[in-house]
Amino acid sequence: MGAITSLWQFIIGKPSEVAKSGKGDAGAVKSPTLENTPRYCVATLKLVSRPRGASMSHLINKTGKTKGSLSQEISTLRKHGHNVLKSRKDSKSEYIYKAM
């Protein structure tokens, strides 16, 4: 199906025809594992994977890394498929990082 035909099918209200014409197989998304996680992020991942998570000051104390390095590691973990949430209990408390 050509691009114009596909666009026309979508405009006139037949998106099912557009969906049927898709190629490829999406398949299931694999969950992230320690094997596909960079080695320098493993200690941070273990700390944020605990049930209560870890605050930034706790991560700094346990790993000996700087705040910037830890922020980059959390970003890298997210890019590799780990779901790392950042939350706080109230507006005055520190952020808690948790891997779900």
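Applying the selection to region 1-39, what residues are modelled with pLDDT of 75 or more and in contact with a helix residue (DSSP H, G or I) (Cβ under 7 Å, 6 or more places away or on another chain)?
Within region 1-39, Leu34, Thr37, Pro38 qualify.
Checking the structure you have, find out if any residue of region 80-90 is charged (D, E, K, R) and in contact with a helix residue (DSSP H, G or I) (Cβ under 7 Å, 6 or more places away or on another chain). Before the answer, list the steps.
Taking region 80-90 as the starting set, the residues that turn out to be charged (D, E, K, R) are 86, 88-90.
Now drop any that are not in contact with a helix residue (DSSP H, G or I) (Cβ under 7 Å, 6 or more places away or on another chain), which leaves none.
No, that holds for no residue.
Tally up the residues in region 34-88 that are loosely packed, with under 12 Cβ neighbours inside 10 Å and not polar (S, T, N, Q), please.
Residues flagged as loosely packed, with under 12 Cβ neighbours inside 10 Å and not polar (S, T, N, Q) within region 34-88 amount to 11.
Looking at Ser71, Ser91 in this structure, which one is in a loop (DSSP other than H, G, I, E, B) and free of Cβ contacts under 8 Å to residues at least 60 places away in the same chain?
Every option except Ser91 fails the conditions.
The values are calculated or read from the model by the stated rules, or taken from the named source; none is laboratory data. The structure presented is a predicted model; accordingly, all values stated were derived computationally and were not measured. Positions of Cβ are generated from backbone atoms using ideal geometry, with glycine treated the same way; all protein chains shown enter the neighbour counts.
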